[in-house]
Amino acid sequence: MVIGAQLYTVRDFTKTPEAFAETLARVADIGYRTVQVSGTCPYEAEWLRTELDKNGLTCVLTHTAASALTGNTDKVCRDHEIFGCQNVGLGAVPGGKLTDEVYEQFVADFLPVAKRIRENGKRFFYHNHAFEFSRDQNGRRFIERLTEDFPEELLSITLDTYWVQFAGADPAAWIRKLRGRMECIHLKDMTATFKNGNRMAPVGYGNMDFDAILSAAEDACAKYLLVEQDDCYEEDPFTCLEKSYRYLISIGMKA
């Protein structure tokens, strides 16, 4: 397994091509060699390829706008081919909430997208939050319905370990349950404060059981462990990425 940086963590530093280029250099300076491109300014595929190559980085996954995925799937796949990325990701169900009706529309819209991505030699990834662990009107979890309605060859899950924990579920158990769809996993930690309840934290600085999570990831044949921290609060996001990197390296993970 290889650790990488989810660039959504430093999204505020990727608002222009110039800032995005500088951010890639800073992430590489920390020691990361693998990234997920998400939350950035618009970019040309050739430009991204050049900047990745310049910094010795590989993009293994994106979060791509739903409108681009449904509007021009073939172009999305061609762009990913240009900058050397095999995996095409969606960050959440459009609208950011799930009901039975929203879910059914999602399947209608994105099952053809997933099929077309596969036909282009790529793989479609869906990133969870906590709401996928809510239940539909028949008592089924939406995360379970995803695995029923999208065959394994059409859909991988970018399992976000923090949001699984936030939903009251067991991240290690779900990693094992979703074996076969677990090429990419998001790592972030959860800590507790007196004033604000649970907060996100760099990996190794909170209370999540990463021994169990990483063991499950290995059992599930995960390839990439992507560090993400949606909110760094008062800390510099690059410092948070570095803290996670140093912790993971210290316990034997490889960049």
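The values are calculated or read from the model by the stated rules, or taken from the named source; none is laboratory data. Computed from a predicted model, the values in this text were never measured in an experiment. As a convention, Cβ positions derive from the backbone with ideal geometry for all residues, glycine included, and neighbour counts pool all protein chains shown.
For Met190, the stated conditions do not hold, so it cannot be described as outside any loop (DSSP other than H, G, I, E, B), in contact (Cβ under 8 Å) with a residue 24 or more places away in the chain and in contact with an Asp or Glu (Cβ under 6 Å, 6 or more places away or on another chain).
Picking from residues in segment 9-25 that are in contact (Cβ under 8 Å) with a residue 24 or more places away in the chain and in contact with a helix residue (DSSP H, G or I) (Cβ under 6 Å, 6 or more places away or on another chain), the one that is nearest to Leu226 (Cα to Cα) is Thr9. You will find that of Ala169, Ala114, the residue that is in a helix (DSSP H, G or I), touching a residue at least 24 places away in the same chain (Cβ under 8 Å), at negative phi and among the small types (Gly, Ala, Ser) is Ala114 and no other.
Results for (1) of a type in the set (D, E, K, R); (2) surrounded by fewer than 20 Cβ atoms within 10 Å (Cβ to Cβ), shown as yes or no for each residue.
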residue: Asp53; (1), (2): yes, yes
residue: Gly71; (1), (2): no, yes
residue: Gly84; (1), (2): no, yes
residue: Leu90; (1), (2): no, no
residue: Gly95; (1), (2): no, yes
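Considering only residues that are part of a loop (DSSP other than H, G, I, E, B) and of a type in the set (S, T, N, Q), which ones fall in segment 88-111?
Across segment 88-111, the qualifying residue is only Thr99.
The single condition among (1) modelled with pLDDT of 95 or more; (2) over 18 Å from Leu90 (Cα atoms) that Phe194 does not meet is (1).
Among the residues of segment 143-166, how many are farther than 23 Å from Gln36 by Cβ and either in contact (Cβ under 8 Å) with a residue 12 or more places away in the chain or within 18 Å of the chain's Cα centre (by Cα) (or both)?
2
Residues that are in a helix (DSSP H, G or I) and of a type in the set (Lys, Arg) were ranked within segment 28-78; the one that is farthest from Ala5 (Cα to Cα) is Lys75.
Within the option set Ala220, Ala255, being touching a Lys or Arg at 6+ places or on another chain (Cβ under 7 Å), small (Gly, Ala, Ser) and over 19 Å from Glu132 (Cβ atoms) holds for one residue only, Ala255. Asp236 falls short on exactly one of the conditions (1) touching a residue at least 12 places away in the same chain (Cβ under 8 Å); (2) closer than 22 Å to Ala28 by Cβ; (3) not aliphatic (A, V, I, L, M), and that condition is (1). Under the condition of being among the charged types (D, E, K, R) and not in a loop (DSSP other than H, G, I, E, B), the residues counted in segment 203-234 number 3. Failed condition for Asn198, given (1) touching a Leu at 6+ places or on another chain (Cβ under 8 Å); (2) not in a helix (DSSP H, G or I); (3) not small (Gly, Ala, Ser), with all others met? Of (1) touching a Leu at 6+ places or on another chain (Cβ under 8 Å); (2) not in a helix (DSSP H, G or I); (3) not small (Gly, Ala, Ser), only one is false for Asn198: (1). A single member of Gly95, Gly91 is on the phi > 0 side of the Ramachandran plot and not polar (S, T, N, Q), and it is Gly95.
Of all residues in segment 33-80, those that are more than 19 Å from the chain's Cα centre (by Cα) and polar (S, T, N, Q) total 5.
In this structure, Tyr126 does satisfy being of a type in the set (Phe, Trp, Tyr) and assigned to a strand (DSSP E or B). Within segment 97-123, the set of residues being among the basic types (Lys, Arg), surrounded by 13 or more Cβ atoms within 10 Å (Cβ to Cβ) and out of contact with any strand residue (DSSP E or B) (no Cβ under 8 Å at 6 or more places or on another chain) comprises Lys115, Arg116.
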